[in-house]
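Q: There's a structure below that I have some questions on.
The values are calculated or read from the model by the stated rules, or taken from the named source; none is laboratory data. Remember, predicted model here, so these are calculated numbers, not experimental data. We place every Cβ from the backbone using ideal geometry, glycine too, and count neighbours over all the protein chains shown. Each accessible area value is taken on the protein alone, full model and side chains, heavy atoms only, with ligands, DNA and RNA left out. Shrake-Rupley method; radii C 1.70, N 1.55, O 1.52, S 1.80 Å.
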Amino acid sequence: MGDFNVALVIVAAVVSVLVLLVSVYLLINYQHPDDANQAYFPKLVVVLGITVAVLSILMLPADVANRQACRRAIYSGACSLTLPMKTLWLAVYIADAVLVFLVIPFAMFYYEGDQDKSVGKRLTSALLWVAVSAVVCGLILGILYGLVGKVDFTVRHLSSAVETFPNSFTSFSSGQPCISTSPRQCSAYTAPANSQTTWTMRATFPEYVVALATIVGSVLFTIFGGVGIACLPLGLIFSFVRRPKAVITRSQYIKEATELGKKARELKKAAEALHQEERSGKKGRKWRKNVKALGKELVLLEDDMKALEEMYPQGEQAEATWALTVLGYIGKLLFGAVGLIISIAWVAHIVIYLLIDPPLSSFLNEIFIKLDGVWGLLGTAAFAFFCFYLLIAVIAGEMMLGLKLVFITIHPMKWGGTLMNSFLFNVGLILLCSISVIQFCATAFAYYAQATAAQEIFGHTLQSLRGIKYLYKYNVFQYGFVALAILTLFYYAIFGWRKRKPTGRFQLSN
């Protein structure tokens, strides 16, 4: 077992370094050319945020592996070179909360500030917004903690009589192995109904802050994750269905390019009008609504331009470009098919293991345990993959709803074309939802992740907080997740195969 513990510590160190390198790689390849050689502080925040988010998801599989390293020990401390999981969880949660509620908002306010202002004024403005937000959040947290920051544990008072130690053991047999001659029933079974009571205690403030952050993240995770678990694979599959079947003619290309040029000029004119309103201080609700609508139109315009370039490849290697396009759509179909299997497995597991009481089967828990029997970390790797899939589904759901609903600001992630404010927004969303993903996975895979530090954190304390416990008692988040996944499935079944029609002339709301 000692060798396994050493290997686990080495793997954890190597994976941490790899995650940091991957975060830097994603930043370099996704950033917009306009942000090259500038916006260094937002970039540092993005790299740090991605690293913390990924490591927080990997913490749960590491917690399981850490427990398995000590499964033959009486307690975890009896093992040598194990990971201090409770300390690591605390460090991750503190870093997560600081990034989501302080650092990322400051970076976004600074990045989106008026570029005509000096650096000092932009820093002052960003600090002011963050300070106001922190004061408001602090007041809300303080009031809620003072009023309902208590934990209600349901307990049962049990007592039993004392039996005289026997002088002879001849009366014992397989049918009567107990000292007492009464029927073999435990005190909890024979205790009267009035023995059950509620034990109330004040929760610690850090626990309450984590609980409320988990609730906020769970609401976002239920909405975006429920939609994303279906639209992530189905979007890839229907992208193959709507793919260009053949290369268009030059005359068709010129016609379509002319229409896109007209659209681009309209959007440029609208953007200039909004910029003038911003300079004049007319940044009301109508202005914000128009900015969101303009952002969605720009995203759709870029998609139309990309689709046109795919249908009419140019250059000396046009045939090779078209072949790569065809292979790309085949790859989307394959990844979509695999993703659909994983999504179905997730939804089926939630229904079978969480929504039906008692559970029909432990399903994925048993699969992970059997994979661990094949190789020590194979089940842990599969476990980590399923948790990561949920996080990717959250981003997919946010992108889909951002295009469909006007009150959601869209922040697209595009290879070589992602601005820092979109990067910061998505990293903040990932960090906020990562806590909920961990809690969700710890609940969904409670059989596999039993006796871990995460299960202690997300166990009875979180699910017994006054006013919050009913959300977990009645599986509100799980029902919402499954319901939105089914609705998204029906949406794609009805509208997914249709190609998007041009939106026509864009006009600002009056």
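Q: Under 5 Å between amide H atoms, partner at least 5 residues away or on a different chain: which partners does Gln31 have, H built in plane at 1.01 Å?
A: Long-range HN contacts for Gln31: Gly416, Thr418.
Q: Additional query: Provide the solvent-accessible area of Trp415, counting protein heavy atoms only and rolling a 1.4 Å probe, rounded to the nearest 10 Å².
A: 150
Q: Something else about it: If DNA, RNA and ligands are ignored and the probe is 1.4 Å, what is the ranking of His32, His275, His349 by accessible area, most exposed first? Please list the in-between numbers first.
A: On the way: His32 50, His275 80, His349 0 Å².
Heavy-atom accessible area, descending, gives His275, His32, His349.
Q: Across the Cα atoms of the stretch 250-311, what radius of gyration and what greatest pairwise Cα-Cα distance (Dmax) are found, in Å?
A: 14.5, 46
Q: Related question: Over the stretch 250-311, with the other protein chains present, what is the accessible area per residue in square angstrom, probe 1.4 angstrom?
A: On the way: 4250 Å² over 62 residues.
Spelled out: the 1.4 Å probe surface of the stretch 250-311, per residue, equals 69 Å².
Q: Quickly rank 224-235, 289-300 as a protection proxy: mean count of other C-beta atoms within 10 Å, highest first. Before the final figure, lay out the partial values.
A: Numbers: 224-235: 25.8, 289-300: 17.6.
The peptides rank, most packed first, as 224-235, 289-300.
Q: Among Leu308, Leu274, Ala264, whose Cα sits farthest toward the positive end of the charge dipole of the stretch 250-311 (+1 at Cβ of Lys/Arg, -1 at Cβ of Asp/Glu, about the Cα centre)?
A: Result: Leu274, furthest along the dipole toward the positive end.
Q: By how many nm would the segment from Ser251 to Leu378 grow when fully extended, if each residue of separation counts as 0.36 nm and the alpha-carbon distance is taken off?
A: Values: separation 127, 0.36 × 127 = 45.72 nm, distance 5.50 nm.
The Ser251-Leu378 span can extend by a further 40.2 nm.
Q: Considering only protein heavy atoms, with the full assembly of protein chains and a 1.4 angstrom probe, order Asp372, Asp304, Asp96, Asp34 by accessible area, largest first.
A: On the way: Asp372 25, Asp304 55, Asp96 5, Asp34 100 Å².
Ranking Asp372, Asp304, Asp96, Asp34 by accessible area, largest first, yields Asp34, Asp304, Asp372, Asp96.
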